[in-house]
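The values are calculated or read from the model by the stated rules, or taken from the named source; none is laboratory data. What you see is a predicted model, and the numbers here were worked out from it, not measured in a lab. Quick reminder, even Gly has a Cβ in these numbers, built from the backbone with ideal geometry, and neighbours come from all protein chains shown.
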Amino acid sequence: MPFGLGIAKGMMVTLRNLARKPVTVQYPEQRVTQNPRFRGEDFVWYEERCTGCASCAKYCPQGIIKIVTSPSGEQTQEGEKYKLETFDIEIARCMFCGLCVEACPYDALHMGTGFERAMPRKSDLVITVDELRASAKRPSTWFRPQLQDRGYDPASGEEVSWQDAGREATVAPTYDDMLKRWVEKR
Amino acid sequence: MESSFDKNALFANLNDIFLDLLPESLSWMAYLGTGLTIILIMVNAVLMLTAFGTYMERRVLGRFQTRLGPNRVGPFGLLQPLADLLKLITKEDLRPESADKITFFLAPVLMVTSMLVVVAVVPFGKDSFLADLNIGVLYLVGIPTIATVSMFLGGWGSGNRFALLGAARAVAMLISYEVPMIVSLAGILILAGSMSLVDVVQAQQIPFILLQPIAFFVFLVSASAEMNRSPFDLMEAESELTAGFHTEFSGMRFGLLQLAEFGEVVVTSAILATLFLRGWENPFIPADWQQVLPPQLWLIGKMLFFMLIFTWIRATLPRMRIDQVMAFAWKVLFPLALINMFVTAALVVAWPDPTYTQLWIMVGVNWAVAIGCLTGYTLSRGRHRQKPTESVRLVQIPAEVN
Amino acid sequence: MTTQLQGEAVGQQLQGAFPDAVTSWGDGDVRVQPDSIVDICRYLRDTPDLAMDYLSSITGVDYVESFEVVYHLTSLTHNHSVVLKTTLYGRDDVELPSVINVWKGADLQEREVWDLMGIGFTGHPNMKRILTWEGFPGHPLRKDHLGG
Amino acid sequence: MALPSESITINLGPQHPSTHGVFRIRVTLDGEVIQDIEPIFGYLHRGTEKLAEERTYTQIVTLTDRLDYTSSMINNQAYVMATEKLAGLEVPERAQYLRVLTAELQRVASHLMGIGFFLQDLGAMGTPLMYCFRERERILDLFEMICGARVTVSYMRPGGVTQEPPPEFWPALKELLSEFPHYIDELERLILENEIVVARTKGVGLLPRELAIDSSISGPNLRASGVAWDLRKADPYDVYGRMDFDIPVGSNGDSYDRFLVRVMEIHQSLRIVEQCVQQIPDGPIRSEVPYFFRPPPGDAYAHVEASKGELGFYLVSDGGIAPYRCKIRAPSFINLTALTEMLLGWKVADLMVIFGSLDVNMGEVDR
């Protein structure tokens, strides 16, 4: 092997790459395609499905979900429903592990798809219950096989109604139905 | 001196204009004014070229690495150098307490000056140059050495140990690389019979890159060492010495150092083009082939070509270690340059006034010597060298099914 | 498959060599007296049929009333492993002989145990804090650190 | 005449371009030659072991992502294996295959990063690093597809893995497997025979076989010193026993061997991934494990061959929902034991090469 051949080979590799299309993208204008399971920061929460059981708060490794409830006298699905007074997610300390979503028994909490929440101060990085109510319902399909089986992709921009987000994609039971089932169970 | 100016059409024309403008009694000022104007034009041209060169280098380096490179400021990011300049100017100018005031101030200035002064002797056309020194080549190798001094001043004066190490490396290395550089130019001087760069360009019936392949290689390598480009960027080795001799510089001082460093690339490209690629003339083999471009553009085009080559090298090669760099200079480049000098001298003794055919024979001989040197070096290393990848072998352990 | 040596077999072999040193043995571990740890380790390394030449890890565990130091040993030659445990009593100035002269791999790990668990190793040439800084109050992995 | 001279002490780090994070080495130099070094750790110490005592067994999975953040899958695997050993949990076969598959992809990604940064330390202006990162991105894309995150994956759970890969994962993996060898070949052409790389790394930073074993060095660094010891073969876990692959073993124990062993391991890892794709059975991916489970009191030690070496978790349970003690045997940390011996007498430029060739990760060193 003549001396210098190794260097020459390397030079040819870089030269070939000069002609290759750049792999980086111009971020704010162009974006890489995001997978449907992407665990993003803006949580999607369906108040209709949530019973206020606070499982998510219990499973959170960081303990950043703060839930305050009061009895509401309503029921949803199979359980007693509490009225949510506070549902604060302190996103500054969130590490997007998704354990809260995994824990939610009623499929009320979903991961979001965003990643661009920059704030001037850390105390602003809290998602409050009002923001959760108002935010666009484009849930990530992470740990939500029912959404994935339907081929749902949050990047498409469609919103998912609370009736469609559940594990049993049926028509939601009426209030009377639920009340009856709840009473029978007791 | 007078004759040199007579040859210079640029000077003569400008001088006439100034003579027309100025009253009779102030005609001595025309001489001064002309000189200053030309210097202003040249310095700005070089600085603009440097700025464009940094932009080009960053874009091309980006493409080598399959990324985009700067493309935000202005169309295609062309105004990026301007944005860099603005940023550097507005930065706070810090000087460490332990730094020596005078040397710390002097280093960037000296470095930029030494880079700019070299351009004086580069001919941009047959009659378009600042000065046609009859010791042009000597000037070329002498002046850039000031940059070494300024690096040492900057490194030592910073009062920082990283900077000190970088400065020590710079001095040790640059002094050794001067030697093969000068000796490699001896072959060219023998062939051209003159030290004036204008004469060197005109002597190139066949571009010297063909006639002097060894000299070209040695000069290219020692020039990239001289302007501390990869793989010889030891004095500012980022992964070892953070930034080497300019660790402590900030703001526009840092900007000046970077400018000088990149300016050297531009200047060296110009020198390479002049010495080896027929300067302002077209580089093609039939020398009387149609002159399609104005001479200045030919030179700039060749400079861009060499800058591209430097970028390519920088994109590919890792850095060498200081002892390997020194060994390379003294054990490889210096003997090569000597061999080249002796072969060229022998050829010139054989044909003192070569015809075109004899020149081509010279090309053949020189290339044969170059290939012989490469083969010899490979063989001398090859006897006790195995393929590097042979040191790791694959061990097969049968899979145990559990 | 790395064979987990039976604690009983190793324990009995060790008891043969060091009658007072072995206190008990479990499924895959042997409990020994802290004072003789260096001798036992050297024996484990140098006995050809054991040849524990590789020290996987050293762990300190705080059981409040005592400390336990756990050595995970592996033999690269025989591909088997054994766990050595030793119990230290007391809260302050807990000390154990260092095995750095048996396995150099104990160097950083013993420093880590000292730093985080507060078990000193006598005979270690550089017994300084490693992950926290000099002057750090207490030893963070102790159960009673900062009141606990 | 001997001129008086004195040695100088410089601080490399904690903020230095090539200390792979926040490592600090206090180096005493005689000119360029290293006379003495003192490594200083702890700038990234986050108290993972203490935090683990405050978290449930499932929640600790998220902490392990952040140990060696370039190989989170393998960290997850080591931790869940220790938990399963402690609690006696069954893992479905499909989950074991998925674990091996993702762990091997992660090993490729981690080795690519190690190689890239090693060459960056050699001064190669980022080009090999960019190429390595370009390929690594493709693997991270697959991870995003499986589990929604690229780096901090949290994919595995005690008793299985979180989710079945989506249907589009398999074609994407197939495409990657068909294209990857080409890219690795290109990378090899760029660097393996480059005379400067060879000159800089051959014979530099020797780690003799005996010293490597004695200092508890593990992983590619141990294998480069000539010890054919790979836990995937020596102590097969999950389904590694069914995989057919070879172990690259070096002969000199120098920086070049350490670097080359990693390059060759990439090929072997891709082989394992291919076999996983062929063999993977259908079935459940997760056994029924409650979120808050209480393993019986006792202790368990599980180790895996991580990309940096032997990664072990020693868990002690007191019967509660959180481990009583969680010790992490971090390979990067213990691989630094022999650093002083390897560095003395070399030049300061070699320091970065040797340190880079060890491929340590500060998240794991300081934990």
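Residues in region C:90-119 that are within 11 Å of another protein chain (Cβ to nearest Cβ), without any contact (Cβ under 8 Å) to a residue 24 or more places away in the chain and not in a helix (DSSP H, G or I): C:Lys104 alone. Checked against (1) free of Cβ contacts under 8 Å to residues at least 40 places away in the same chain; (2) away from chain D (no Cβ under 14 Å); (3) not in a loop (DSSP other than H, G, I, E, B), C:Val38 passes all but a single condition, namely (1). Residues considered: D:Ser72, D:Ser110. Of these, the only one that is within 30 Å of D:Ala199 (Cβ to Cβ) and crowded, with 24+ Cβ neighbours inside 10 Å is D:Ser110.
Is region B:137-144 home to any residue that is within 19 Å of the chain's Cα centre (by Cα), under 30 Å from B:Trp298 (Cβ atoms) and of a type in the set (Ser, Thr, Tyr)? Yes, region B:137-144 has at least one match.
So in region B:219-253, with the set limited to residues that are under 22 Å from D:Gly126 (Cα atoms) and of a type in the set (Phe, Trp, Tyr), which one is farthest from the other protein chains (Cβ to nearest Cβ)? The extreme case among them is B:Phe245.
Got a sec? Which of D:Thr48, D:Thr58 is among the hydroxyl-bearing types (Ser, Thr, Tyr) and touching a Phe, Trp or Tyr at 6+ places or on another chain (Cβ under 6 Å)?
Checking each option against the conditions leaves just D:Thr58.
Among the residues of region D:80-131, the ones that are outside any helix (DSSP H, G or I) and closer than 29 Å to D:Pro281 by Cα come to 5 in all. The conditions of being of a type in the set (Val, Ile, Thr), part of a helix (DSSP H, G or I) and either touching a Pro at 6+ places or on another chain (Cβ under 8 Å) or at pLDDT 85 or above (or both) are not met by B:Ile175.
Within region D:165-209, the only residue that satisfies the criterion of being closer than 21 Å to B:Thr66 by Cβ, under 24 Å from the mean Cα position of the chain (by Cα) and not in a helix (DSSP H, G or I) is D:Leu192.
Only residues that are closer than 21 Å to C:Gly123 by Cβ and in contact with a Lys or Arg (Cβ under 9 Å, 6 or more places away or on another chain) were counted in region C:14-53, giving 3.
Evaluation of D:Glu137 against the conditions (1) over 21 Å from A:Pro145 (Cβ atoms); (2) away from chain B (no Cβ under 14 Å); (3) of a type in the set (Asp, Glu); (4) not in a loop (DSSP other than H, G, I, E, B) shows that the sole unmet condition is (2).
Filtering region B:199-250 to residues that are closer than 30 Å to B:Glu97 by Cα and among the hydroxyl-bearing types (Ser, Thr, Tyr) leaves B:Ser239, B:Thr242, B:Thr247, B:Ser250. For A:Asp149, the conditions (1) within 14 Å of another protein chain (Cβ to nearest Cβ); (2) loosely packed, with under 15 Cβ neighbours inside 10 Å; (3) in contact (Cβ under 8 Å) with a residue 40 or more places away in the chain are fulfilled apart from (3).
Checked against (1) under 18 Å from C:Trp103 (Cβ atoms); (2) surrounded by fewer than 24 Cβ atoms within 10 Å (Cβ to Cβ); (3) in contact (Cβ under 8 Å) with a residue 24 or more places away in the chain; (4) in contact with an Asp or Glu (Cβ under 9 Å, 6 or more places away or on another chain), D:Leu222 meets all criteria but (2). Could you say whether any residue in region D:144-156 is surrounded by fewer than 24 Cβ atoms within 10 Å (Cβ to Cβ) and either more than 20 Å from the chain's Cα centre (by Cα) or within 14 Å of chain B (Cβ to nearest Cβ) (or both)? The answer is yes; a qualifying residue exists.
Restricting region C:45-89 to residues that are of a type in the set (Asp, Glu) and assigned to a loop (DSSP other than H, G, I, E, B), the residue that is nearest to the chain's Cα centre (by Cα) is C:Asp53. Only residues that are within 30 Å of B:Val60 (Cα to Cα), basic (Lys, Arg) and touching a helix residue (DSSP H, G or I) at 6+ places or on another chain (Cβ under 6 Å) were counted in region D:96-148, giving 2. Residues that are surrounded by 24 or more Cβ atoms within 10 Å (Cβ to Cβ), assigned to a helix (DSSP H, G or I) and not hydroxyl-bearing (Ser, Thr, Tyr) within region B:311-322 comprise just one, B:Ala315. Is region B:369-391 home to any residue that is facing chain D (nearest Cβ under 9 Å), more than 30 Å from B:Val60 (Cα to Cα) and not in a helix (DSSP H, G or I)? Yes, region B:369-391 has at least one match.
When D:Ala302 is tested against the conditions (1) more than 22 Å from the chain's Cα centre (by Cα); (2) within 14 Å of chain C (Cβ to nearest Cβ), the lone failure is (1).
Kindly check whether there is at least one residue in region B:164-171 that is within 13 Å of chain D (Cβ to nearest Cβ), in contact with a His (Cβ under 9 Å, 6 or more places away or on another chain) and surrounded by fewer than 22 Cβ atoms within 10 Å (Cβ to Cβ). The answer is no, given that none of the residues of region B:164-171 is within 13 Å of chain D (Cβ to nearest Cβ), in contact with a His (Cβ under 9 Å, 6 or more places away or on another chain) and surrounded by fewer than 22 Cβ atoms within 10 Å (Cβ to Cβ). The residue of region B:304-338 that is farthest from A:Gly4 (Cα to Cα), among those that are touching a Gly at 6+ places or on another chain (Cβ under 9 Å) and away from chain D (no Cβ under 14 Å), is B:Leu304. For region D:82-94, the criterion of being within 14 Å of chain A (Cβ to nearest Cβ) and not aliphatic (A, V, I, L, M) is met by no residue.
Does C:Leu131 satisfy the criteria of being within 14 Å of another protein chain (Cβ to nearest Cβ), at pLDDT below 90 and either part of a strand (DSSP E or B) or in contact with a Cys (Cβ under 6 Å, 6 or more places away or on another chain) (or both)? So C:Leu131 does not fit the description; no. Just one of the numbered conditions (1) within 19 Å of D:Ala300 (Cα to Cα); (2) free of Cβ contacts under 8 Å to residues at least 60 places away in the same chain; (3) of a type outside the set (Asp, Glu) is not true of C:Leu76: (1).
Scanning region B:252-278 for residues that are in a helix (DSSP H, G or I) and over 17 Å from B:Met151 (Cα atoms) yields a count of 11. Scan region A:1-46 for residues that are facing chain D (nearest Cβ under 9 Å), part of a loop (DSSP other than H, G, I, E, B) and over 33 Å from the mean Cα position of the chain (by Cα) and jot them down. Result: A:Met1, A:Phe3, A:Gly4. In region D:312-335, the residue that is nearest to the other protein chains (Cβ to nearest Cβ) out of those that are touching a residue at least 60 places away in the same chain (Cβ under 8 Å) and surrounded by fewer than 23 Cβ atoms within 10 Å (Cβ to Cβ) is D:Tyr324.
Filtered by the rule that a residue be of a type in the set (Val, Ile, Thr), in contact with a strand residue (DSSP E or B) (Cβ under 8 Å, 6 or more places away or on another chain) and part of a loop (DSSP other than H, G, I, E, B), region D:1-58 gives D:Thr19, D:Thr58.
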